[in-house]
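Working notes, beginning with the structure itself.
No lab work stands behind these numbers, since they all come straight from the coordinates. Just so we're clear, the structure is a prediction, and the values are computed from it rather than from any experiment. Please note: Cβ atoms are built from the backbone with ideal geometry, for glycine as well, and neighbour counts cover all protein chains shown.
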Amino acid sequence: MSRAVFRNPWLPYALVAPQIAITIVFFFWPAFDSLRLSLYRASPFGDRLIFIGGGNFTRLLGDPAYFRSVATSLGFSLVVTVAGLAVALLLASLANARIRGLAVYRTLLLWPYGIAPAVAGVIWLFVFHPSFGVLPYLLSFVTDYQFNWFLKGWVALTLIVIAAVWKQFGYNLAFYLAGLQAIPGSVLEAASVDGAGPVRRFFAITFPLLSPVTFFLFTLNMTFAFFETFGLIHAVTQGGPGDATSILVYRAWKDGFDGLQLGYSAAQSVILMLLVIALTAVQFRYAEKKVTY
Amino acid sequence: MTRSALSVLVAAAVVLTGVPSTSRAATEIQFWHAMTAVLGERVNDIANKFNASQSEYVVKAVHKGSYPETLNAAIAAYRAKQPLHIVQVFEVGTQTMLSSGAVYPVYQLMKDHGVAIDWNDLISPVKGYYSSTGGNLYSMPFNSSTPILYYHKDHFKKAGLPDKPPATWDAVESMARKLKTAGVKCPFSSAWPSWVLVENMHAYHDQPFADNRNGFDGLATTLKINGPFGVKMMERLARGAKDGWFTYGGRLNKAEALMTAGECGIFTTSSAYIGNLARASEGKFAWGTGPLPRLAGFPQGNSIIGGATLWVMRGGKPEEYKGVAQFFKYLASTENQAWWAGVTGYLPLTNSTAKALEASGHYVKNPHQKTAVVQMNAGKTTPNSQGIRLGNFNSVRDAIEEQMENIFSGNKTAKQGLDDAVAKSNDILKEFAALYR
């Protein structure tokens, strides 16, 4: 790789300064403020600020509902990520084939990514609504089972997973398509000559060569499922029924902005932050070893 | 996001939207509200009418989103020391506002500016809810409603039921069962699950909701909803959900979509829903209203009010407060009160407003709007029915609705669910009490 050389020693710093400033204002400052606030019992209007040390954390860790939320978040993120990547890879492989009208297919497949999570939520809400949704209506011909996600936790969770996977689908597909196109045709041809069928070619050549893309998408989708599904959940289930879809980020928001328990909410965001840092570190530490660039 | 980051954003928003227009020398008064659609237009109407009626002050009505969003915006603005004068806060925020030390009590504001308003003319449920223990009014009553019962006349006919709303829960159950048999998809449902089916039902049957007289005598720290009454009420609803005569339609006012679509036979929600239902049902189906059903064997209380009041925030300039006092005086006139109640369908807040509406024949033309008034007049004001004042009430309501879902889905028994709701709520209430010890 060639080294870029700046003649003015300050220029590179000046060029990165805006980015650094944005990171400080919108990440470091709020993050440190959360850290500070998590040690206090704070009143909504700021008239009372009582230092309680680890009080918010012991309250959290003494609440079984919080651990349920941790489990829900991890399970939810993993399912969204794995299902999302599998579907995207499958369709990307198909879209990579030489077929007529490919450009149209690709454009159509990329579309969902252009939709805001909350809007995606509302779309799926109409599809799934127990009373006027299309899907429950169609299912009613097949089974008597009531798919009412206002009351059934697993239905609500499934709905959110499907909506999240669909929402993130276009993004994953774009990266997989780019990855597939970067695989030299000669390698695949050589394998064909050696007698490898399409399935064998996929698992022996394509999939390993796509591992950097998969790794990148895995990390990104986990973070997406952890944080950005907020809009989806807020629009559709509000964390319910019971606390079935109350993932960590939704809980932190609800206790902070709906419930105005600011210190308690800050403690949750601190734990959330640590959790995501740990998750990303683990991914880089262990998963990256298996990646061939 | 943290509060300082939020304050910065809101402060920026305030600076961008709140720059006084230089063309007018009038003092500007910021009025933040949460009214949407038609109601939002009516709020603008009041502000415009007041602005046209005099030249010293200009009331700027600004929509700030939902009730919680509006409250958050006001909190952020206050903390960022950006003056804001009037904010509309929903009834669950009452204790938060009272404890905050950030508000200029309305009775004090009016006294300081020599504006006399006959507070005794306020109907007692309203006055009771928003006054301090000494009977001083802390916020300006604005939009109040109370839950009532709605029924779908066409469904009733189809099920062979008389054209009369059920007066008791026994009747609700037996009628809803018949509606179900007749093929009605949603025999009975309710919006605002906690507000209607728990909070109001306790008050309506003179049952305590929380300790310290529902938080009126001091900060409440214990909920009382897992007593025999609460359990009986929840057991009936759980049975309804299981047998299919009660359709749970979601938290907040989500279930209203079912009634609006004409699917429900019997429905309970706020009296402020009349306008929406009237518009949605036009030419499609006939409906009627009645008072909330009663549970046999429990004493008479009264339903409680929901809605919002206007709070005056500290930190403004004296001449601005003079303007706020003038605006409230304008609002309080019987003429304006009657106009507001008439066009919005909210409860008339004063006795003279109710009389004026009656005299003008308003209730003959809008009979459903009278249902809530009749219901409240027929009730008995007791310590249990004057209202509920809790810190962090929004979180408490959420804890209750979460467990109601567990009860209705059959995951928990009524008793177990209510016990769990109480345990979580008590934890939330104790946190609030610890702040203001």
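Based on the mean of other beta carbon atoms within 10 Å per residue, what is the order of A:172-184, B:185-197, most packed first?
Details: A:172-184: 17.2, B:185-197: 24.9.
So the peptides A:172-184, B:185-197, ranked by packing, come out B:185-197, A:172-184.
Note down the nm distance, to one decimal, between modelled labels 7 Å out along Cα→Cβ at B:LYS355 and at B:ARG239.
For the pair B:LYS355/B:ARG239, the computed spacing is 4.6 nm.
Taking a ≥ b ≥ c as the square roots of the eigenvalues of the Cα gyration tensor of the stretch A:57-290, is the shape rounded (a/c under 1.5), prolate (a/b larger than b/c) or oblate? Write down the numbers at each step before the final one.
Values: a/c = 2.48, a/b = 1.48, b/c = 1.68.
Note, shape of the stretch A:57-290 comes out oblate.
Would you list A:THR107, A:THR81, A:THR223 from fewest to most Cβ contacts within 10 Å?
Working: A:THR107 10, A:THR81 24, A:THR223 15.
Arranged by neighbour count, lowest to highest, A:THR107, A:THR81, A:THR223 become A:THR107, A:THR223, A:THR81.
Assign one of three labels to the stretch B:259-319, namely rounded, prolate or oblate, based on the Cα gyration tensor with a ≥ b ≥ c the square roots of its eigenvalues; rounded applies when a/c is under 1.5, prolate when it is not and a/b is larger than b/c, and oblate otherwise.
Cα axes put the stretch B:259-319 in the oblate bin.
Can you give the average number of partner chain beta-carbon atoms within 10 Å of each beta-carbon in peptide B:66-74, as a whole number?
If you average over the peptide's residues, the count of other-chain Cβ atoms is 2.
So what's the protein assembly as shown giving for Cα Rg divided by 2.2 N^0.38 Å, two decimals?
1.07
With a 10 Å radius around each residue's Cβ, average the other Cβ atoms per peptide and rank B:236-242, A:61-67, highest first.
Most protected by this proxy first, the peptides run B:236-242, A:61-67.
Given Cα pairs under 8 Å that are at least 6 residues apart, what percent is the relative contact order of chain A?
After rounding, I find 29 percent.
What is the mean number of Cβ atoms from other protein chains located within 10 Å of the Cβ atom of each residue in peptide A:259-267, rounded to a whole number? Kindly include the intermediate steps, with their values, before the conclusion.
Working: counts 12, 12, 8, 3, 2, 4, 3, 3, 0.
Other-chain Cβ atoms within 10 Å of each residue's Cβ, averaged: 5.
For peptide B:398-407, how many partner chain Cβ atoms fall within 10 Å of a residue's Cβ, on average?
Partner Cβ neighbours, averaged per residue: 5.
Test of understanding: ordering B:ILE305, A:ILE205 by Cβ neighbours within 10 Å, fewest first, what list do you get?
Starting with the residue having the fewest Cβ neighbours, the order is A:ILE205, B:ILE305.
Under a crude label model (7 Å from the Cα following the beta-carbon direction), how far is A:LEU61 from B:LYS49 in nanometres?
Each label point is offset 7 Å from its Cα along the Cβ direction, giving 5.9 nm.
Once you put a point 7 Å from the Cα of B:TYR436 and another 7 Å from the Cα of A:GLN146, both along the Cβ direction, what distance in nm separates them?
Taking the simple label geometry, B:TYR436 and A:GLN146 are separated by 4.0 nm.
Going by alpha carbons, how many degrees (0 to 90, nearest 10) lie between the helix axis of B:228-243 and the longest principal axis of chain B?
60
Determine, from the Cβ-Cβ distance of B:ASP112 and B:LEU252 and an R0 of 51 Å, the FRET efficiency 1/(1 + (r/R0)^6), rounded to the nearest 0.05.
Computed FRET efficiency for B:ASP112 and B:LEU252 comes out at 0.85.
Using θ = phi - 60° and the Karplus form 6.51 cos²θ - 1.76 cosθ + 1.60, what ³J(HN,Hα) does each residue of the stretch B:50-62 get, whole Hz, x for Gly and Pro?
The phi angles translate into 5, 4, 6, 6, 7, 10, 7, 10, 10, 8, 9, 7, 10 Hz.
Taking other Cβ within 10 Å of each residue's Cβ, how do A:ARG98, B:ARG251, B:ARG314 sort, fewest first? Intermediate results must be reported in sequence, preceding the final value.
Working: A:ARG98 5, B:ARG251 23, B:ARG314 14.
So the ranking, lowest neighbour count to highest, is A:ARG98, B:ARG314, B:ARG251.
Find out how many positive minus negative residues lie around B:ALA296, taking Lys and Arg as positive, Asp and Glu as negative, among other residues whose Cβ is under 11 Å from that of B:ALA296.
Working: positive: B:LYS232, B:ARG294; negative: B:ASP170.
Result for the neighbourhood of B:ALA296: +1.
Read phi for every residue in the stretch B:73-86 and hand back ³J(HN,Hα) as whole Hz from Karplus 6.51 cos²θ - 1.76 cosθ + 1.60, θ = phi - 60°, with x for Gly and Pro.
So the J values, rounded to whole Hz, are 5, 5, 4, 5, 5, 4, 5, 8, 6, 9, x, 9, 9, 10.
Whose amide H sits under 5 Å from the amide H of A:ILE52, counting only residues 5 or more places off or on another chain, with H placed in the peptide plane?
For A:ILE52, whose amide H was placed from the backbone, the distant partners under 5 Å are A:TYR40, A:ARG41.
Can you compute the charge dipole magnitude of the stretch A:57-290 about its Cα centre, using +1 on each Lys and Arg Cβ and -1 on each Asp and Glu Cβ, nothing else charged? Give it in debye, rounded to the nearest 20.
Charge dipole of the stretch A:57-290: 400 debye, to the nearest 20.
Using +1 at the C-beta of Lys and Arg and -1 at the C-beta of Asp and Glu, which of A:SER69, A:LEU220, A:PHE175 has the Cα lying farthest in the positive direction of the dipole of the protein assembly as shown?
Result: A:PHE175, furthest along the dipole toward the positive end.
Residues with beta-carbon under 14 Å from that of B:GLU235, excluding B:GLU235: net charge, scoring Lys, Arg +1 and Asp, Glu -1? Don't jump to the answer; show the numbers that get you there.
Values: positive: B:LYS232, B:ARG236, B:ARG239, B:LYS242, B:LYS412, B:LYS415; negative: B:ASP170, B:GLU173, B:ASP243, B:ASP419.
Net of charged neighbours comes to +2.
Tell me, what is the FRET efficiency for B:ASP170 and A:LEU102 to the nearest 0.05, using R0 = 45 angstrom and their Cβ-Cβ distance as r?
0.10
In terms of modelled amide H atoms, which long-range or inter-chain residues lie less than 5 Å from the amide H of A:HIS129?
Long-range HN contacts for A:HIS129: A:VAL134.
Which of the peptides A:84-97, B:131-144 is most tightly packed, and how do the rest follow, going by the mean number of other Cβ atoms within 10 Å of each residue?
For the peptides A:84-97, B:131-144, the packing ranking is B:131-144, A:84-97.
Is the stretch A:1-98 best put as rounded, prolate or oblate by its Cα gyration tensor, with a ≥ b ≥ c the root eigenvalues, rounded for a/c under 1.5, and otherwise prolate when a/b is larger than b/c, oblate when not? Could the numbers behind the result be given before it?
On the way: a/c = 3.74, a/b = 1.17, b/c = 3.20.
Oblate is the answer for the stretch A:1-98, as a/c is 1.5 or above yet b/c matches or exceeds a/b.
Want the number for A:ALA204 to A:HIS234: 0.36 nm per residue separation, take away the alpha-carbon distance, what's left? Write out the running numbers ahead of the final one.
Values: separation 30, 0.36 × 30 = 10.80 nm, distance 4.21 nm.
Using 0.36 nm per residue and subtracting the Cα-Cα distance, I get 6.6 nm.
First select every other residue whose beta carbon is under 11 angstrom from the beta carbon of B:VAL343; then total the charges, Lys and Arg +1, Asp and Glu -1.
Spelling it out: positives minus negatives among the neighbours equals -1.
Taking amide hydrogens as modeled 1.01 Å from N in the peptide plane, which residues meet the under 5 Å criterion relative to B:TYR104, leaving out close sequence neighbours?
B:VAL312, B:MET313, B:ARG314
Using the Karplus curve 6.51 cos²θ - 1.76 cosθ + 1.60 with θ = phi - 60°, work out ³J(HN,Hα) for each residue of the stretch B:397-411 in order, rounded to whole Hz, and write x for Gly and Pro.
4, 5, 4, 5, 5, 4, 6, 4, 5, 5, 6, 5, 7, x, 5
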